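Student: Before anything else, here's the structure in question.
The numbers here are math on the coordinates, done by the rules we state, and not lab data. The structure presented is a predicted model; accordingly, all values stated were derived computationally and were not measured. No Cβ is skipped: glycine too gets one built from the backbone with ideal geometry, and neighbour counts run over all protein chains shown.
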Amino acid sequence: MDIKTTILEILEDLTGTDLSNQLSLDLYEEGILDSMGTVQMLVEIDGQLGLTVPVSEYERSEWATPQQIIDQVSAL
C-alpha cells in the first residue's frame with residue numbers, strides 16, 4: 001500500500017469522512033481534526049507506516065490538509 005492510500009485511510013478512520021476528493025481541505029479550520037485527532041493520526045502513521053513524526057517537528061500549518069499530510073509523511 002502506498003503512503004497516499006494509507007494516509008487517506010487513516011484520516012477516514014479517524015474522521016469518518018472520505019477525503020480522497022478533498023485533498024486541499026483545511027482539516028483544522030473545518031473542525032474535522034483537532035489536537036486529540038492529531039495525536040491519534042501520528043500514532044497510526046507510526047503504527048501503519050513505521051514512521052515516527054517528532055512532535056517537535058509538527059507544525060499544524062504544514063499538516064493542515066490531506067495533501068500536506070501526504071507530502072510531509074513522504075518526506076520522512
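Student: Please list, ordered by chain and number, the residues whose modelled amide H lies under 5 Å from the amide H of Leu27; skip anything fewer than 5 residues away on the same chain.
Tutor: Under 5 Å from the amide H of Leu27 lie the amide H atoms of Thr65, each far enough along the sequence or on another chain.
Student: Using θ = phi - 60° and the Karplus relation 6.51 cos²θ - 1.76 cosθ + 1.60, list the HN-Hα couplings for region 26-31 in order, rounded to whole Hz, with x at every Gly or Pro.
Tutor: Karplus values, whole Hz, x for Gly and Pro: 7, 5, 7, 4, 7, x.
Student: Then there's this: So who's got an amide H within less than 5 Å of the one on Leu51, skipping anything under 5 residues away but keeping other chains? H placed 1.01 Å off N, in plane.
Tutor: Asp46
Student: Over the C-alpha atoms of the chain, what are the Rg and the largest Cα-to-Cα span, Dmax, in Å?
Tutor: 11.0, 30
Student: For region 33-49, take each phi angle, set θ = phi - 60°, evaluate the Karplus expression 6.51 cos²θ - 1.76 cosθ + 1.60, and give the result in whole Hz per residue in order, putting x for glycine and proline.
Tutor: My calculation for region 33-49 gives 10, 10, 4, 5, x, 5, 4, 4, 4, 5, 5, 5, 4, 5, x, 8, 10 Hz in order.
Student: Which of the listed residues, Thr65, Ile45, Gly16, is farthest toward the dipole's positive end in the chain, when Lys, Arg count +1 and Asp, Glu count -1 at the beta-carbon?
Tutor: The listed residue farthest towards the positive side: Ile45.
Student: Next question, about the same structure. About the Cα centre of the chain, what is the dipole size in debye to 20, counting +1 per Lys and Arg Cβ and -1 per Asp and Glu Cβ, all else neutral? Could you put the intermediate results ahead of the total?
Tutor: Numbers: 2 positive and 15 negative charges, 24 e Å.
The dipole of the chain has a size of about 120 debye.
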